[in-house]
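Working notes for the structure below.
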Amino acid sequence: MAPRKTELDGYRVGPFSTEEETILRQAVEDYIGKRHGNDREEALKQLIAQRGRMPSDAVTLGREVLPERHPRSVYNFIRRRIIPHKFGRWDPVEIYVLLRYYFNNEATLNSDSDKKRSWKAVSRQINRLPEQIYDKWKEICPHIEAYRPLFMDPYLTTDEIVEYIGQLSGTRADTQLVTQGDSSTTQLRASMDDEMCLNVHRYIYRLFKQGHIPQPVVYNIPWIQVNERFPQYSQSHIRLKWTQHIYPVVLKHTVEGFSKLVVARAAIYIVRKKRLATDRLSHIEFIEWFPQLPQLYITSCIRSLLKKCVKRLQGNRLKHADVYYKKINIFEISADSVGNSVGTARDTVEPDIQRDFCDGPTVDHDIDGTQDYPAITQDVLPEVSSDDGNIVLTLKRQIKLAYHELQVRRHHRSDMEILSRISQSSIPQLDNINQ
């Protein structure tokens, strides 16, 4: 993806600050209370409802309370963040609703162009964004004929159809199932195995060699074009799989010393020294310091490391950091924590961090094309107990904890030297993902 824009048509765009979000949420609450009483659901529908050529109430509200913000930016924030929607993996009932709608309206839907096809009816019924419906449809569409017999059989009940859909679509993103009783054994919900991952990377590498991807390469990959080459997967599934798994594996094979730990430490050093800590890591533009690495991969590496350090703190297992609150040490030094004061030198990072952090997936959730990664946001901050009650571990406190616990300053030069071997103007080639 390209670097984020910060201005459009003279208005500010991009991530909302905490202050902006608070102002907008309060304005929405006032709108509901003043105009629609206690009927919250109906009020929210009215808020974003289109009114011909007139702007929606959401746009009008945004112009009143956040005049410097682009109206479309405000509208999308209200629609996607304030109005509650379901996110995450689809269950068979939701897929059933989507398929039933398609087969009941097949002639009309097929006569419309892809851009004009409307999924609003499905969106309202299952409480998902139209963008999610469209993304799921692109995934199902190549295999639609495998589902057709279920909806043509008059003897099947709804529960039986839902059960069969669950068997066909699978319950995990990495499950491979084929249609049962179908002579063509059409593969559904295909997993992206090692060979397919390699094919995706080879195609992206070919686009790069042909000059179709400008610098910085990882921010300008034409995902729509990649999705057209691999239509059995949704665009978001391909993008997330490559960003979070394929590209890091390629770097691990081609750049000696590369790991998630190196990325997280280097990024935490920048956040700490540049005083960039906000309430959300997604607000920090890491492209300025790490144009060779995807933004999402950097933030997920940081969050994984912060989670490990918070667990250490909560379990009184810190190795290098003393934590003080109101000048009082929260924990006594544990028996296995030798020299856990800030800045204590050690030759290597502890084996448990190396084992728990350097291995395994980047994020805690399976990479799923229909998932919106709620774990990458930190709406619920962790806490730690003390004599004065629970202490909220803000992002700034977590960064400071990890900075000292992992001795980030000591490793900074070597970490940056490793990352400097990764070019922002090229993509490494890999012949075997298991080499």
Name every residue in region 265-288 that is within 18 Å of Leu251 (Cα to Cα) and either surrounded by fewer than 21 Cβ atoms within 10 Å (Cβ to Cβ) or in contact with a Gly (Cβ under 8 Å, 6 or more places away or on another chain) (or both), in order of residue number.
-> Ile287
Output the number of residues of region 228-246 satisfying the condition of being surrounded by 20 or more Cβ atoms within 10 Å (Cβ to Cβ) and more than 16 Å from the chain's Cα centre (by Cα).
-> 1
Where a residue in region 244-264 is assigned by TED's automatic domain parsing to the domain that holds Ile422 and its partner, wherever it lies, is part of a helix (DSSP H, G or I) and among the aromatic types (Phe, Trp, Tyr), with Cβ under 7 Å and at least six apart = Gln244/Tyr297; Pro248/Tyr297; Lys260/Phe357; Leu261/Phe357
Got at least one residue in region 2-20 being modelled with pLDDT of 85 or more, more than 19 Å from the chain's Cα centre (by Cα) and assigned to a helix (DSSP H, G or I)?
-> yes
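Can you tell me which residue is farthest from Trp137 (Cα to Cα) among those in region 90-109 that are of a type outside the set (Asp, Glu) and outside any helix (DSSP H, G or I)?
Going residue by residue through region 90-109, those that are of a type outside the set (Asp, Glu) are 90, 92-93, 95-105, 107-109.
This time we only want the ones that are outside any helix (DSSP H, G or I), so: 90, 105.
Details: Trp90: 12, Asn105: 14 Å.
Selected residue: Asn105.
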Within region 414-423, count every residue that is in contact (Cβ under 8 Å) with a residue 24 or more places away in the chain, within 26 Å of the chain's Cα centre (by Cα) and part of a loop (DSSP other than H, G, I, E, B).
-> 2
Would you kindly identify the helices (runs of 4 or more DSSP H) lying entirely within region 200-258 that contain at least 1 residues that are of a type in the set (Gly, Ala, Ser) and touching an Asp or Glu at 6+ places or on another chain (Cβ under 8 Å)?
-> 235-241
Within region 289-311, restricting attention to residues that are free of Cβ contacts under 8 Å to residues at least 40 places away in the same chain and under 17 Å from Pro216 (Cα atoms), which residue is surrounded by the fewest Cβ atoms within 10 Å (Cβ to Cβ)?
-> Trp289
Is it true that some residue in region 86-93 is free of Cβ contacts under 8 Å to residues at least 24 places away in the same chain, out of contact with any helix residue (DSSP H, G or I) (no Cβ under 9 Å at 6 or more places or on another chain) and surrounded by fewer than 18 Cβ atoms within 10 Å (Cβ to Cβ)?
-> no
Region 403-413 - residue that is part of a helix (DSSP H, G or I) and in contact (Cβ under 8 Å) with a residue 12 or more places away in the chain and, of those, surrounded by the fewest Cβ atoms within 10 Å (Cβ to Cβ) = Arg409
Is there a residue in region 73-89 that is under 26 Å from the mean Cα position of the chain (by Cα), over 30 Å from Ala146 (Cα atoms), hydroxyl-bearing (Ser, Thr, Tyr) and in a helix (DSSP H, G or I)?
-> yes
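The values are calculated or read from the model by the stated rules, or taken from the named source; none is laboratory data. Here the structure is a predicted model, which is why all the values come from computation and not from measurement. Neighbour counts run over all protein chains shown; Cβ positions are idealised from the backbone, glycine included.
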